[in-house]
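J.: I am attaching a structure below and will ask some questions about it afterwards.
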Amino acid sequence: MVARIYESKENNMSQNSTDPGHGNSVASWATVIIVIAAFSIGTLFFWLDVPAMVWASAVLAAVGPAVGWFLKRAGYGVGGEHTKAH
């Protein structure tokens, strides 16, 4: 019985799926890089006690998703016209 359950799970996992790519696109990578850079810069300037740059990095962190949305609308998101097929 246990072997039969194990085999059925194994067979389901080996089938092809219609996975959308989980964000493997220019738009998603640009968003992630911008947000990570913003948080890194913000952390550094928080540690150095420069409040203006901490707030500037917070603005940059908010701009990251907007850039991703714009790139997605421009065709650089998952399944967009400017992305390569997997």
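J.: Once the other residues with Cβ under 15 Å from the Cβ of Trp29 are scored (Lys, Arg +1; Asp, Glu -1), what is the net sum?
T.: Values: positive: Lys72, Lys84; negative: none.
The answer is +2.
J.: At 7 Å along Cα-to-Cβ for each site, give me the label-to-label distance between His82 and Leu48 in nm.
T.: Computed distance between label sites His82 and Leu48 equals 3.3 nm.
J.: Next up: Explain nothing, just the number: relative contact order of segment 22-76, from Cα pairs under 8 Å at least 6 residues apart, as a whole percent.
T.: 48
Taken together, the values in this text are just the output of simple stated rules run on the coordinates, not laboratory data. Given the structure is predicted, the values throughout are model-derived calculations rather than measurements. Glycine gets a Cβ as well: all are built from the backbone with ideal geometry, and neighbour counts include every protein chain shown.
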